[in-house]
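For reference, the structure discussed in these notes is given below.
The values are calculated or read from the model by the stated rules, or taken from the named source; none is laboratory data. Fair warning: this is a prediction, and the values are worked out from it, not measured in the lab. No Cβ is skipped: glycine too gets one built from the backbone with ideal geometry, and neighbour counts run over all protein chains shown. When the accessible area is computed, the model is the full protein with side chains, heavy atoms only, and any ligands, DNA or RNA have been set aside. Shrake-Rupley method; radii C 1.70, N 1.55, O 1.52, S 1.80 Å.
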Amino acid sequence: GLASIGALTLSPDRLPGARTVAAARDRIRRGQVRCVFREPQFEPSIAEAIVRGTGARVGTLDPIGADLPPGPEAYGQLLRNLANSLHACLAPGRD
């Protein structure tokens, strides 16, 4: 039941443009977005600035498990970390 409205940027080397930021803030203000997810390699201040004053949250998803030690438990831990991050950001009542 999750729907993505898009990406602000696809590369940590390229900041989103003013039009992209304005469109994202508009959708957040209209209540279409509860959470903006970022990946660890992206600067957190961009996502935080976009949600500031809107009631939306910023969550972090690490789809490659950059901080996980390699080993037989890594994949399971990667999935648990993703699920926990999704739940923490999307769960109602955290405001």
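Computed quantities for the displayed model
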| quantity | calculated |
| --- | --- |
| Label corresponding to volume of the Cα convex hull per residue in Å³ when calculated from the structure given, among (1) 109; (2) 140; (3) 85 | (1) |
| Long-range amide H partners of V36 with built H, under 5 Å | R57, V58, G59 |
| Segment 18-30 - phi-based ³J(HN,Hα) in whole Hz, Karplus 6.51/-1.76/1.60, Gly and Pro as x | 4, 5, 5, 5, 4, 5, 5, 4, 4, 5, 5, 4, 7 |
| In degrees, nearest ten, helix 74-90 long axis to first principal axis of the chain (Cα) | 30 |
| Solvent-accessible area per residue for the chain (1.4 angstrom probe, square angstrom) | 71 |
| Within segment 52-95: Cβ-based charge dipole about Cα centre, in debye rounded to nearest 20 (Lys, Arg +1; Asp, Glu -1) | 220 |
| Dipole magnitude of segment 1-42, debye to nearest 20 (Cβ charges: Lys/Arg +1, Asp/Glu -1, about Cα centre) | 240 |
| Magnitude of the charge dipole, the chain, Cβ model with Lys/Arg +1 and Asp/Glu -1, debye to 20 | 580 |
| Net charge contributed by nearby residues that have their C-beta within less than 13 Å of N81 (K/R +1, D/E -1) | -3 |
| Accessible surface of the chain [probe 1.4 Å, protein heavy atoms]: carbon and sulfur percent | 54 |
| Where the Cα pairs of segment 38-79 fall when distances are cut into 5 Å bins, in % | 5, 21, 22, 15, 14, 11, 8, 3, 0 |
